[in-house]
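Down below is the structure, laid out as structure tokens.
The values are calculated or read from the model by the stated rules, or taken from the named source; none is laboratory data. Everything numeric in this text was worked out from a predicted model, so none of it was measured. Backbone-built Cβ (ideal geometry, glycine too); neighbour counts: all protein chains shown.
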Amino acid sequence: MPIDFRRSWSDEELELYRDNVVRFVETEVVPHDEEARKRGHVGHEVWRKAGALGLLCSDIPEAYGGAGGDFRHEAVFYEEKARRALSGMASSVHTIVAHYFLNHGTEEQKQRYLPRMARGELVGAIAMTEPGAGSDLQGVRTRAEKQPDGSYRIRGSKTFITNGFLAGVVLVVAKTDPTQGAKGTSILIVETEGCEGYRVGRVLDKIGMKAQDTSELFFDDVHVPADALLGGQEGQGFFQLMSDLPYERTIIGVNALATMEGAYQATLDYVRDRKAFGKPIAEFQNTKFKLAEIATQIKVGRAFIDRCVEDLVAGRLDTATASMAKLWASETQGRVVDECLQLFGGYGFMTEYMVARMYADGRVQRIYGGTNEIMKEVISRAL
């Protein structure tokens, strides 16, 4: 009897929804992935198609154009892409941006941006990282200077920005009062189309996630109106960023576990077919033991990550536990995918094989969303 990796948070309605997601992924994403990896981005059309099917912003209320579901619906979409090594369409970052609007935006900001994001008309990005400031958000140097009429002029540069090339709306983390440290940080909304002074630099050449448009962004005296301040109040940026971290880190945990499941299944299929010394390599004791270890880690991880998903939906997931999910899942993903790749032998080193792309894509899981060293620091504060 095959090992059951069933999710405790799923139900019949969600599995029907998963069927729709799988159809979309198999027909609209998989066939174009190789081309997207060569190009460096997936293009706008797939975003609009996902929006038309209600797959974007699925946990945003219907009043703002979303599907009115909860995080479990988002998780289904993330899982079905992750288990196929489809990292190009960063709908997770898109949804994180939507949640900044939902949780911290003014009513006018929600009405203006969320429906268009749900339809895939605007791709969302958040511009935090700078050449000299990554996990240390207090080191941000981008300035947003208030003008006499209440508007702002933004000057600075950002790097490693997911969805940066395709972004239609960017949340820019900037200093509105450099003398106040974290309390002087705000988030400004920049709508990119026709925006004077806004420039997208190169799509960065990464070791993995080749289809995902990670870019440099430049703000050369970008002028935005007073109502472009997220939430309408200065100095709230650091609080806004911190309050949504459990959501982001749970996504990383969900993606990591789904990647492990996909790698495990692909490896199982491969070793049953591949022969060495006259028999399938699945029959060798080392192969059996390695797969047994991998299946055990996935099963254990399923219990923990599922609990995090349930707690997030219930509104009781704390930052330390979400950080544990990100830390454990991303570290375990690295080990599991490495073991799977080894069982593929030389073929595992070829990018035409999914396990090779999973290996390269997975390395950044321990870096973004706050490095794993930062996760340990966050967890240690709760001891």
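Brief remarks on what is shown
- Failed item, numbered, when Arg83 is tested on (1) touching an Asp or Glu at 6+ places or on another chain (Cβ under 8 Å); (2) among the basic types (Lys, Arg); (3) in the same structural domain as Ile187 (by TED's automatic domain parsing): (3)
- Within the range 171-192, residues that are in the same structural domain as Ala133 (by TED's automatic domain parsing) and modelled with pLDDT of 95 or more have Cβ atoms under 7 Å from residues that are surrounded by fewer than 17 Cβ atoms within 10 Å (Cβ to Cβ) and in a strand (DSSP E or B) in these pairs: Ala174/Arg143; Lys175/Arg143; Thr176/Lys146, counting only partners at least 6 apart in sequence or on another chain.
- Matching residues in the range 304-340 - criterion: being touching a residue at least 24 places away in the same chain (Cβ under 8 Å), assigned to a helix (DSSP H, G or I) and either aliphatic (A, V, I, L, M) or not assigned by TED's automatic domain parsing to the domain that holds Val364 (or both): Ile305, Val309, Leu312, Val313, Ala320, Ala322, Met324, Ala325, Leu327, Ala329, Val336, Val337
- Among the strands (runs of 3 or more DSSP E) confined to the range 103-164, the ones with at least 1 residues that are farther than 30 Å from Ala63 by Cα are located at 143-146, 152-162.
- On inspection, Lys299 fails the criterion of being of a type in the set (Lys, Arg) and either modelled with pLDDT under 95 or touching a helix residue (DSSP H, G or I) at 6+ places or on another chain (Cβ under 9 Å) (or both).
- Residue match in the range 106-114 (condition: outside the structural domain of Met209 (by TED's automatic domain parsing), surrounded by fewer than 23 Cβ atoms within 10 Å (Cβ to Cβ), free of Cβ contacts under 8 Å to residues at least 60 places away in the same chain and of a type in the set (A, V, I, L, M)): no
- Members of the range 277-303 that are touching a residue at least 40 places away in the same chain (Cβ under 8 Å) and either among the acidic types (Asp, Glu) or on the phi > 0 side of the Ramachandran plot (or both): Glu293
- A count restricted to the range 367-383 and to residues that are surrounded by fewer than 20 Cβ atoms within 10 Å (Cβ to Cβ) and part of a helix (DSSP H, G or I) stands at 9.
- Pairs meeting the criteria (first residue in the range 217-242 and on the phi > 0 side of the Ramachandran plot, second residue hydrophobic (A, V, I, L, M, F, W, C), beta carbons under 9 Å, at least 6 apart or on different chains) are Asp221/Ile154; Gly231/Ile187; Gly232/Ala226; Gly235/Ala182.
- Counted residues, the range 350-370 - those being over 13 Å from Glu248 (Cβ atoms), touching a residue at least 24 places away in the same chain (Cβ under 8 Å) and within 14 Å of the chain's Cα centre (by Cα): 5
- Taken across the range 2-25, residues that are surrounded by 12 or more Cβ atoms within 10 Å (Cβ to Cβ) and at positive phi do not occur at all.
- Selected residue (criterion: nearest to Ser8 (Cα to Cα)) from residues of the range 236-284 that are at pLDDT 95 or above, of a type in the set (Ser, Thr, Tyr) and within 19 Å of the chain's Cα centre (by Cα): Thr250
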